[in-house]
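Working notes for the structure below.
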Amino acid sequence: MSIEDITQQNLCQFTGTSQWYRYRPKILLTDGAKFLCDNGMGWFIDLVVSWQTKAEVRAEPMQFWTLTTDLEKHTAIAVCTDGGQEDNHAMSLARQRIPYTDCPLKTVKLYVCQEGDNKIILLPSEY
């Protein structure tokens, strides 16, 4: 399997998860998030994990991450919001420019949910 296996069709097949995979201390991945890692997008998971050191991001129990790729320029922007849970207006928590990516999709979304002492990274279809 490789980066070419990351398609919307393949990502949509993940609903729920059969198990959690320990990625880092206090960070768990679902089947879908592990699929991303195993197929060349572990860097996106690493980016999400690295932002957990920022107090405003870490404190948010439900994070909505979106990677938007310019497929012609091979660049991207990753944005994290709180999803607008408080007042229906999403508050931006993090934003990072990606100078180069081989991500084959225009958009990839991840959720990060708090579960006890752990953060779980999952695809929206697994929520």
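The values are calculated or read from the model by the stated rules, or taken from the named source; none is laboratory data. Quick caveat, the model's predicted, so the values are computed rather than measured. Positions of Cβ are backbone-derived with ideal geometry, glycine not excepted, and every protein chain shown enters the neighbour counts. To get the accessible areas, we keep the full protein, side chains included, count just its heavy atoms, and leave off ligands, DNA and RNA. Shrake-Rupley method; radii C 1.70, N 1.55, O 1.52, S 1.80 Å.
Points worth noting:
- Of residues in region 99-127 being under 18 Å from Q52 (Cβ atoms), free of Cβ contacts under 8 Å to residues at least 60 places away in the same chain and not basic (K, R), the one surrounded by the fewest Cβ atoms within 10 Å (Cβ to Cβ): G116
- Count of residues meeting criterion [in contact (Cβ under 8 Å) with a residue 24 or more places away in the chain, of a type in the set (A, V, I, L, M, F, W, C), touching a strand residue (DSSP E or B) at 6+ places or on another chain (Cβ under 7 Å) and closer than 13 Å to V108 by Cα] in region 48-84: 7
- Whether a residue is surrounded by 15 or more Cβ atoms within 10 Å (Cβ to Cβ) and out of contact with any Ser or Thr (no Cβ under 6 Å at 6 or more places or on another chain) was assessed, and L71 does not pass this test.
- Residue match in region 84-94 (condition: in contact with a Cys (Cβ under 9 Å, 6 or more places away or on another chain), among the hydroxyl-bearing types (S, T, Y), open to solvent by 40 Å² or more (accessible area, probe 1.4 Å) and under 16 Å from L123 (Cβ atoms)): no
- Answer from F44, F14 - the residue that is over 22 Å from Q96 (Cβ atoms) and either free of Cβ contacts under 8 Å to residues at least 12 places away in the same chain or not polar (S, T, N, Q) (or both): F14
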